[in-house]
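S.K.: Before we start, here is the structure in question, set down as structure tokens.
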Amino acid sequence: MRVKEDIIIRRAGAADCKALAALSAQLGYPCKEEAVKERIAGIEAEDERAVLVAETGEQVIGWTTLEVVRHFYLDPCVNLSGFVIDERYRGRGVGRLMIREAENWVREKGLDVLRLNANAVRKNAHRFYENNGFRKVKEQFVYVKNID
């Protein structure tokens with residue numbers, strides 16, 4: 001857990017689900033609080049996945065998801081698969097603090113690579129990631145097929 005001024009970074013729990021759902025909508029992924037609660041319960045029980053939240057006072061103002069990835073063709077790494085800071089708190093160092101805590105989580109897992117994907121239209125996010133030590137290594141498309 002990290003504390004900077006009045007910002008605390010900690011693991012998410014069931015009490016955070018309403019805030020997580022609201023922030024997910026800001027990111028462009030609306031979801032129901034009940035679904036978040038069910039998913040968080042599964043993540044809480046695992047050692048190789050985590051949802052971290054940034055909190056000020058008792059208000060959750062950001063979250064990030066982390067997952068150890070163990071492919072046979074890559075060295076193990078951690079994938080940061082979601083990241084959002086409440087739009088009212090962006091540009092105040094909260095995101096930088098969350099990235100540092102994510103880096104600590106990677107180290108705790110005995111790993112040394114943190115990867116992420118960023119939507120091509122999120123230019124501000126690209127600058128943020130690059131300013132925090134990430135480098136772009138490729139561009140790709142995402143395909144989805146719904147299976148009935």
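The values are calculated or read from the model by the stated rules, or taken from the named source; none is laboratory data. Computed from a prediction, not measured in an experiment: that's the story for all the values here. In this analysis, Cβ positions are derived from the backbone assuming ideal geometry, glycine residues included, and neighbour counts consider all displayed protein chains.
S.K.: Here are some conditions: (1) within 12 Å of the chain's Cα centre (by Cα); (2) touching a residue at least 60 places away in the same chain (Cβ under 8 Å); (3) surrounded by fewer than 18 Cβ atoms within 10 Å (Cβ to Cβ). Residue 81 meets all but one. Which one does it not meet?
M.R.: Single failed check for residue 81: (2).
S.K.: A follow-up question, please. Among the residues of the range 8-26, is there at least one that is loosely packed, with under 12 Cβ neighbours inside 10 Å, over 24 Å from residue 113 (Cβ atoms) and not hydrophobic (A, V, I, L, M, F, W, C)?
M.R.: Looking through the range 8-26, none of the residues is loosely packed, with under 12 Cβ neighbours inside 10 Å, over 24 Å from residue 113 (Cβ atoms) and not hydrophobic (A, V, I, L, M, F, W, C).
S.K.: Of the numbered conditions (1) in contact (Cβ under 8 Å) with a residue 24 or more places away in the chain; (2) surrounded by fewer than 16 Cβ atoms within 10 Å (Cβ to Cβ); (3) over 18 Å from residue 118 (Cβ atoms); (4) of a type in the set (D, E, K, R), residue 86 fails exactly one; give the number of that condition.
M.R.: It is condition (2) that residue 86 fails.
S.K.: Which of the numbered conditions does residue 106 fail, given that it passes all the others? Conditions: (1) part of a strand (DSSP E or B); (2) at pLDDT 95 or above.
M.R.: All conditions are met except number (1).
S.K.: Sticking with this one: Could you run through the range 109-123 and say how many residues are modelled with pLDDT under 95 and either among the aromatic types (Phe, Trp, Tyr) or loosely packed, with under 11 Cβ neighbours inside 10 Å (or both)?
M.R.: Matching residues across the range 109-123 total 2.
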